[in-house]
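A quick write-up on the structure given underneath.
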Amino acid sequence: MNGVAFFLGVNFVVAVCFSAVFSVVATRSRSRRAALWFAAGFGIASLSALCELLVAYTGSSKIWALGAFATVLIGMMLLRVGIGHLYGRRLDKRIAAFFVGASIILSYVIYDLPRGTPVQAFSYQSPFAVVILDSAFVVLASRGRQMIDRFLGMLMLFTGLHFFAKAGLAVLVGSGSVAKDYIHTNYALVSQSATAILVVAVGLTLLAALVLEIMADERSESERDTLSALPNRRGFNRQVQSLLDEAPNGRHAVILCDLDHFKRINDTYGHHVGDLVIQGFGQLMNDSAPKRAALGRIGGEEFAIFLPDTEIAAAVLFAQALRGATMTLPGFPESLTVTASFGVSALTTATGLAEAYRQADLALYTAKNAGRNQVKLASDNHLDTADTRGENKM
Ligand code: GH3
Ligand code: MG
Ligand code: MG
């Protein structure tokens, strides 16, 4: 078997495999449309390898040569559409269709030109370069790029430019005097093997971008409590850790909070109303907490708040405001007043996280014992016994 035919076979199988994998990924991905466009792109582009073989081994070279050109270009354009979905820059379908149509006509026109001239070689390769370079710019110009996106952008930039290098090489070493000869040239061997490598690299990188996105979504799902819409204990702990990593020597505050007599609410009004209270309290926490705070539902009716770079007095004021707002949670029968108890502690480098939680928990316990619906402050190793019940006392 001719070496080029071998690479064409490899390219065909690789492109079909990517098409299949992207179809499967589409069933799990938030970016389902992008994955489906990638599947379609690789599927169509895989046909070009078959067309190249038909150019060499059948009588009607011209039609198959045009087919090879068109399928690669359409496949690339479909990748560009998918990239537009993934990176938030949609492609105008009419412009895309016009560009592909015009490029196919151009390739038809240049087919009979002497092969290996600069005009022929660059006219042939430029449409591929334009589509891939445009994709590269969409990726590189997108916001919130991660490492994988930067890598993809640079890889596509390189891939786009390599088409110009191919054109230069075709001019230098020749790509066969007629299309039928192409498959027997050294140029074809280099060109097809470079394509094989770049197709695999781009395909794997796109796949990695989608898989990383799926993993991030799964993690965020596994760290969220669906009832309160707050992070669960795992999500809360992770957020606290990243806030601590940002400011390891800062002075932070921890607030633990527990809804009062919640069992009684369930028993009197039903479990459904209990659920609505948890939902309402979660919403209240979300609405009233500072942007940088970490919030969490860490147990059935237990919640935690981590306030980074916050003095303890400010944390107590915040807890006090939250306590007041809890009593006016909207949407419940008048006979039902929801209250909550709070324990507040300071976290410094000397305290450590575990100790800060322990102290906040002790303070919460004291608030419960002191009659509930109040905020208690832990300071150092003893609890500050100031009764912070009521709006103005603290
Ligand atoms: P205290 O003031 O001492 O905290 O009394 P409490 O009744 O709130 O505390 P207790 O620990 O005795 O009961 C908590 C109740 O919270 C028991 C449990 O059934 C209920 N609970 C836990 N998770 C949920 C939930 O997701 N929905 C509902 N409706 N109830 C829940
Ligand atoms: Mg409770
Ligand atoms: Mg409890």
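Before moving on, here are some points about what is shown:
- Residue in the range 274-286 that is hydrophobic (A, V, I, L, M, F, W, C) and within 30 Å of SER29 (Cβ to Cβ) present: no
- Flag for THR268 being of a type in the set (S, T, N, Q) and either at pLDDT below 95 or crowded, with 16+ Cβ neighbours inside 10 Å (or both): no
- Of the residues SER335, SER345, SER288, the single one that is at pLDDT below 95 and either more than 16 Å from ligand 3 (Cβ to nearest atom) or closer than 24 Å to THR226 by Cβ (or both) is SER335.
- Cβ-Cβ under 6 Å pairs, at least 6 apart or on other chains, the range 258-284 side under 16 Å from GLY331 (Cα atoms) and of a type in the set (Val, Ile, Thr), far side away from ligand 2 (no atom under 15 Å from the Cβ) and outside any helix (DSSP H, G or I): ILE278/LEU227
- Selected residue (criterion: modelled with the highest pLDDT) from residues of the range 154-203 that are open to solvent by less than 40 Å² (accessible area, probe 1.4 Å) and among the hydroxyl-bearing types (Ser, Thr, Tyr): THR159
- Summed over the range 1-27, residues that are under 30 Å from LEU212 (Cβ atoms), surrounded by fewer than 18 Cβ atoms within 10 Å (Cβ to Cβ) and either over 20 Å from the mean Cα position of the chain (by Cα) or of a type in the set (Ser, Thr, Tyr) (or both) total 7.
- Qualifying residue in the range 112-119 (condition: without any contact (Cβ under 8 Å) to a residue 12 or more places away in the chain, over 21 Å from GLY9 (Cβ atoms) and assigned to a helix (DSSP H, G or I)): yes
- Single match in SER48, SER31, SER61, SER19 (criterion: modelled with pLDDT of 95 or more and among the polar types (S, T, N, Q)): SER19
- Selection of first residues in the range 51-72 that are touching a residue at least 60 places away in the same chain (Cβ under 8 Å) and closer than 16 Å to LEU106 by Cβ and of second residues that are of a type outside the set (S, T, N, Q) and open to solvent by less than 20 Å² (accessible area, probe 1.4 Å), restricted to Cβ pairs under 9 Å at least 6 apart or on distinct chains, gives the following pairs, ordered by first then second residue: LYS62/VAL55; LYS62/ALA179; ALA65/CYS51; ALA65/VAL55; ALA65/ALA179.
- Residue in the range 325-342 that is over 36 Å from the mean Cα position of the chain (by Cα) and among the acidic types (Asp, Glu) present: yes
- Beta carbons closer than 8 Å, at least 6 apart along the sequence or on distinct chains, pair a first residue in the range 354-371 that is basic (Lys, Arg) with a second that is buried (at least 16 other Cβ atoms within 10 Å of the Cβ) for LYS368/ASP258; LYS368/ASP260; LYS368/SER341.
- The residues of the range 158-178 that are out of contact with any Phe, Trp or Tyr (no Cβ under 8 Å at 6 or more places or on another chain), closer than 14 Å to ALA194 by Cβ and β-branched (Val, Ile, Thr) amount to a single one, THR159.
- Considering (1) among the polar types (S, T, N, Q); (2) modelled with pLDDT of 95 or more; (3) open to solvent by 10 Å² or more (accessible area, probe 1.4 Å), the lone condition that SER228 does not fulfil carries the number (3).
- Test for LEU347: is it within 39 Å of the chain's Cα centre (by Cα), open to solvent by less than 10 Å² (accessible area, probe 1.4 Å), aliphatic (A, V, I, L, M) and within 19 Å of ALA253 (Cβ to Cβ): yes
- Within the range 352-369, the set of residues being loosely packed, with under 14 Cβ neighbours inside 10 Å and either among the aromatic types (Phe, Trp, Tyr) or part of a helix (DSSP H, G or I) (or both) comprises ALA354, ASN369.
The values are calculated or read from the model by the stated rules, or taken from the named source; none is laboratory data. Since this is a predicted model, take the numbers as computed values, not measurements. So basically every Cβ, Gly included, is an ideal-geometry build from the backbone, and we count neighbours across all protein chains shown. Heads up: the accessible areas ignore ligands, DNA and RNA and are worked out on the full protein's heavy atoms, side chains in. Shrake-Rupley method; radii C 1.70, N 1.55, O 1.52, S 1.80 Å.
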